[in-house]
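See structure below.
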Amino acid sequence: MSRWLEVGPDNYVLTTQGFLLNTGLVVGTKRAMVIDTGSGPRQGREILAAVREKTQLPIVVVNTHAHHDHFFGNAVFADDGVTEFWAHENCAAEIEDTGDGQRRFVAAAEPEMAGGEGIDVALVVPNAIVRDQPVLVDLGGQTATLFYLGRGHTDGDLLVGTGTTLYAGDLVEQGSHPSFEDSYPEDWANALRHLSALRHRYEFLIPGHGEPCSDQFVKTMASTMTTAVRQATQATRETPDDATKAIPILPYGPEQSRWFIKRLQETRAHH
Ligand SMILES: [Zn+2]
């Protein structure tokens, strides 16, 4: 039986095992929108089967960003007849460029996807593109707004807002530290402040991983990251030769603090 959690009328979230990905489902009268498709054909099929317990309507897919656990299930949906795959332009470009290189991350859970051989292991690059302006997708009786708040967790994080619910992708993570590997820490802190200001418009906020989040959670995540940017900036100014000195003072685990500093330095160089 499916484990959909209802978050607003005809808005749902399903958490799958492994990466603990939250997949969103928004059901209109004409079409349904699936937000993130899982880490390969196995998980994609599990998600599609759960979707089909809720609705038989034609589906449109959204990928919130170009990380393997969010888009490797696309081929399963393409096989089911889906032709409309939405993403931010930077996300689509990243999937095209690095998609094959990300296969190694799913070797244990999705061996066919990792090996690139079998059914539904092709990369399906999003073909419906969002740029800086929001895009409204009419599902019949329900409209989903796809929008971009600038760089953050990656350079192509897309958010999906409905009348009740904001699906935030990995811009918001609950239950674990944020993932900074491909991030833009200063921009992410700004995006979170922006997101926090929008939070009151929605009854529910669904993170990419973890439990639905309160206003306070998003505020805290935003202020924590803003403080971390300031702390790391100050520490690297004081000891420019050894930025790792800042690791213990940052509010994240050692691994993620290391990534935070690395990405802060790399992405600053572009300013
Ligand atoms: Zn991610």
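The values are calculated or read from the model by the stated rules, or taken from the named source; none is laboratory data. Bear in mind that the values here come from a model prediction, so they are computed numbers and not experimental data. With ideal geometry, Cβ positions are generated from the backbone for all residues, glycine too; neighbour counts draw on all protein chains shown. Remember, those area values only see protein heavy atoms, side chains included, never the ligands or the DNA or RNA. Shrake-Rupley method; radii C 1.70, N 1.55, O 1.52, S 1.80 Å.
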Counting each DSSP H run of 4 or more residues in the chain as -39500 (n - 2.57), what helix-only mean residue ellipticity at 222 nm follows after dividing by all residues, to the nearest 500 deg cm²/dmol?
-10500 deg cm²/dmol
Candidates ASP215, ASP79, ASP182, ranked by Gaussian network fluctuation over the chain, Cα under 10 Å, top entry:
ASP79
Global geometry of region 1-144, whether rounded, prolate or oblate, following the gyration tensor of its Cα atoms and the 1.5 cut on a/c:
oblate
Computed from the beta carbon distance with a Förster radius of 25 Å, FRET efficiency for ALA122 and LEU5 to the nearest 0.05 stands at 0.25
Here the Cα Rg-to-2.2 N^0.38 Å ratio for the chain is 0.99
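Could you tally the net charge around ASP80, taking each other residue with its Cβ under 11 Å from the Cβ of ASP80, Lys/Arg +1 and Asp/Glu -1?
Neighbourhood net charge equals 0.
Roughly to the nearest percent, how much of the accessible area of region 5-222 is carbon and sulfur, given a 1.4 Å probe?
49
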What does the C-alpha gyration tensor say about the overall shape of region 54-130? Classify as rounded when a/c is under 1.5, otherwise prolate if a/b is larger than b/c, or oblate.
oblate
Determine the shape class of region 112-232: with a ≥ b ≥ c the square roots of the Cα gyration tensor eigenvalues, call it rounded for a/c under 1.5, and otherwise prolate if a/b is greater than b/c, oblate otherwise.
oblate
Options VAL61, GLN102, LEU264, ranked by Cα towards positive dipole end of the chain, top entry (Cβ charges):
LEU264
